[in-house]
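The values are calculated or read from the model by the stated rules, or taken from the named source; none is laboratory data. Owing to the predicted nature of the structure, the values given are computational and were not obtained by experimental measurement. Every residue, glycine as well, gets a Cβ built from its backbone with ideal geometry; the counts of neighbours run over all protein chains shown. What goes into the accessible areas is simple: the full protein's heavy atoms, side chains included, and nothing from ligands, DNA or RNA. Shrake-Rupley method; radii C 1.70, N 1.55, O 1.52, S 1.80 Å.
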Amino acid sequence: MARLGCVCSEPGYCFTVEHNEYRPNDIDIEYCEQVAEMGQDSAIVQFKELPAVDRALCMKHYGPYEKFCESFAEAFRYMEEHGYTIAGQPRTCYIDGIWNQDDPEKWLSIIQIPIK
């Protein structure tokens, strides 16, 4: 098995970016993880530097992933009520999930929406 030659930063920061609206099928997600240094691109892994996000609306989402649409709707409602506009693609950072919590109601994700 070939090694990709990258070392993740400690503590790690990873998140996903959904490139389309939530759908149970035909999902287009980009998985991003902070690394200590750039490596060599491959067919499945590309290295890139993302611009800093100056301001973001951040919201905790407790519960199963199927309920993300409710949390995103609440976040966008809040943005509209307070005069914020979206300034980049929303991110989702997964803190607790199926890998360490048996009860889906204890799953924790952080929604991060760049705003201006």
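Which of (1) assigned to a helix (DSSP H, G or I); (2) open to solvent by less than 70 Å² (accessible area, probe 1.4 Å); (3) not aliphatic (A, V, I, L, M) does residue 47 not meet, given it meets every other one?
(1)
Among (1) modelled with pLDDT under 85; (2) surrounded by 13 or more Cβ atoms within 10 Å (Cβ to Cβ), where does residue 23 come up short?
Every condition holds for residue 23 apart from (2).
Give just the number: which of (1) more than 24 Å from residue 34 (Cβ to Cβ); (2) at pLDDT below 95; (3) among the polar types (S, T, N, Q) does residue 85 not satisfy?
With respect to (1) more than 24 Å from residue 34 (Cβ to Cβ); (2) at pLDDT below 95; (3) among the polar types (S, T, N, Q), residue 85 is out only on (2).
Those residues that are surrounded by 13 or more Cβ atoms within 10 Å (Cβ to Cβ) and over 17 Å from residue 21 (Cβ atoms), I need them from the stretch 65-94; list them, please.
78, 84, 87, 93, 94
So is residue 54 under 18 Å from the mean Cα position of the chain (by Cα), open to solvent by 70 Å² or more (accessible area, probe 1.4 Å) and of a type in the set (D, E, K, R) or not?
In short, yes.
Being part of a helix (DSSP H, G or I), of a type in the set (Gly, Ala, Ser) and free of Cβ contacts under 8 Å to residues at least 24 places away in the same chain is the filter here; which residues of the stretch 50-86 pass it?
Of everything in the stretch 50-86, just one residue is part of a helix (DSSP H, G or I), of a type in the set (Gly, Ala, Ser) and free of Cβ contacts under 8 Å to residues at least 24 places away in the same chain, namely 73.
Could you please give the count of residues in the stretch 95-114 that are open to solvent by 80 Å² or more (accessible area, probe 1.4 Å) and not hydrophobic (A, V, I, L, M, F, W, C)?
3
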